[in-house]
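Report on the following structure.
The values are calculated or read from the model by the stated rules, or taken from the named source; none is laboratory data. This is a predicted model, so every value here is computed, not measured. Reconstructed Cβ throughout: ideal geometry from the backbone, glycine too, with neighbour counts over all protein chains shown. Surface accessibility is based on the protein's heavy atoms, side chains included, excluding ligands, DNA and RNA. Shrake-Rupley method; radii C 1.70, N 1.55, O 1.52, S 1.80 Å.
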Amino acid sequence: MNIPGDLWTRLLDAFSRADSPSVTLTELVLALVVAAALSVPRRSWRYFGLLATATHEMGHAVAALLSGQRLSGIRLRLDHSGTTTTYSRSMLASAWSCFWGYPVPAIVGAAFVWCGFNGWGPAAIMAGGLALAASLLFLRNLAGILITVTAIAVTVLLILLVPTSFVGHVAVILGVALLVAAVRDLIKLAHLHLRRRERLASSDAYLLWRATSVPSAVWIVLFAALVAGSWLWAWQPISTVLYAGA
């Protein structure tokens, strides 16, 4: 028996389209409850929020690489903060990479929901795992490595141990949880600008104002618009189940 070969084949097979899961109204409600349980209570958010932070920082990193900037490193911390350090001579490129933090968890979440409903749940989970693995090249602190390696290990276990037919449900749950996390982080950002202005130096919207002279409020509205658009995208397959069960 070639165990390493079998495991590798199983991981590669995850990128093939599976049968679309038949999601009932009851299953959808349970998925939404589980997603909310991951993102809303403080105890669960203490852990799930780390994945949202990693996704946020990966948004900065990918945008920086796509705009030709030099990516120096990513740091993730256990208090849900993170830093992505880039170097560029172009202020426009720097603003571009700074923008793609808050919207990305929602966009990724909506993609997971869509993939989960359309038979691409395993592929979405594996793609997320590969993106996390690639980020290891740029991580510069122990906490970041620990968070990322844990997420990768969970991804591999999901693909290897969970039946393919159920992974689509997992993708939907994870996607909705990321969508809720994006809203939670936006509320936290707005609170920072309204009530905790002494900490504005940690705000992407504030940094964008410093870089472009466009008010922070405008950037927050743009973040919110993309998050709302992501929810609308995810709502399409969700609403199909709701209307069918009505």
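Annotations for the structure displayed:
- Difference of contour (0.36 nm per residue) and Cα-Cα distance, Leu161 to Ser81: 25.6 nm
- Note on the chain: with a GNM built from Cα contacts shorter than 10 Å, the maximum mean-square fluctuation among Val176, Val40, Val218 falls on Val218.
- Excluding ligands, DNA and RNA, the accessible surface per residue across the chain is 54 Å² with a 1.4 Å probe.
- Given R0 = 30 Å, the distance between the Cβ atoms of Ala133 and Tyr47 translates into a calculated FRET efficiency of 0.90.
- Surface accessible to a 1.4 Å probe, Met91 within the full protein complex, Å²: 120
- 3J(HN,Hα) along the range 154-162: 5, 4, 4, 5, 4, 5, 7, 10, 8 Hz, from the Karplus curve 6.51 cos²θ - 1.76 cosθ + 1.60 with θ = phi - 60°, whole Hz, x for Gly and Pro.
- Here the gap between Val33 and Thr150, fully extended at 0.36 nm per residue and compared with their Cα-Cα distance, gives a gain of 39.7 nm.
- Distance between the pseudo-spin-label points of Thr24 and Asn118 (7 Å out from Cα toward the beta carbon): 2.6 nm.
- Overall form of the range 25-74 per C-alpha gyration tensor (a/c, 1.5; a/b vs b/c): oblate
- Per-residue ellipticity at 222 nm, computed for the chain from helices alone with -39500 (n - 2.57) per DSSP H run of at least four residues, works out to -25000 deg cm²/dmol.
- Residues whose placed amide H lies under 5 Å from that of Gly73, excluding near-sequence neighbours: Thr85
- Gyration tensor (alpha-carbon) shape descriptor, the range 133-211, a/c threshold 1.5: oblate
- Modelled spin-label separation between Arg199 and Ala143, with each label point placed 7 Å from Cα along the Cα-to-Cβ direction: 1.3 nm.
- Potential lengthening between Arg184 and Leu65 on full extension [0.36 nm per residue; Cα-Cα distance subtracted]: 40.1 nm
- Split the accessible area of the chain by element, probe 1.4 Å, and carbon with sulfur accounts for 68%.
- A cut-off under 15 angstrom between Cβ atoms defines the neighbours of Glu57, and their net charge, with Lys, Arg +1 and Asp, Glu -1, is 0.
- The range 46-51 - phi-based ³J(HN,Hα) in whole Hz, Karplus 6.51/-1.76/1.60, Gly and Pro as x: 3, 9, 5, x, 5, 5
- Listed values for the range 105-120 are Karplus-derived 3J(HN,Hα) couplings in whole Hz (6.51 cos²θ - 1.76 cosθ + 1.60, θ = phi - 60°), namely x, 5, 5, 5, x, 5, 5, 5, 4, 4, 5, x, 6, 10, x, 10, and x replaces Gly and Pro.
- Extent along the principal axes, Cα only, for the chain: 55, 49, 32 Å, with the longest axis given first.
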